[in-house]
């Protein structure tokens, strides 16, 4: 009887551990997307005009390091709306809870 209870308890603990791991990874990916948008907007002439096209592709490269790619429309310095794309890599310092930009590439596409 004890062995059956122990197996059930271990099964429950495994489910909880998987949920916590999944929730942490999912939260970190969403946070990476949010921070990436901040890095993009900091570099635009008219950041208040930005409209993101679809959802960005967020890829985990290694522990706490992500590559974020996507497209947007925003006005340039002449007021014309231009389509742009971005590609960047960011990493999270868990100790400081701070994101660092490793690489960024923003292209105007006409």
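What to note about this one:
- Any chance residue 69 is crowded, with 16+ Cβ neighbours inside 10 Å and in a strand (DSSP E or B): no
- Residues of the stretch 58-92 classified as more than 13 Å from residue 37 (Cβ to Cβ) and within 14 Å of the chain's Cα centre (by Cα), total: 12
A short reminder: the numbers here are calculations on the coordinates, not readings from a lab. Please read all numbers here as calculations on a predicted model, not as lab measurements. Cβ: placed from backbone, ideal geometry, glycine included. Neighbour counts: every protein chain shown.
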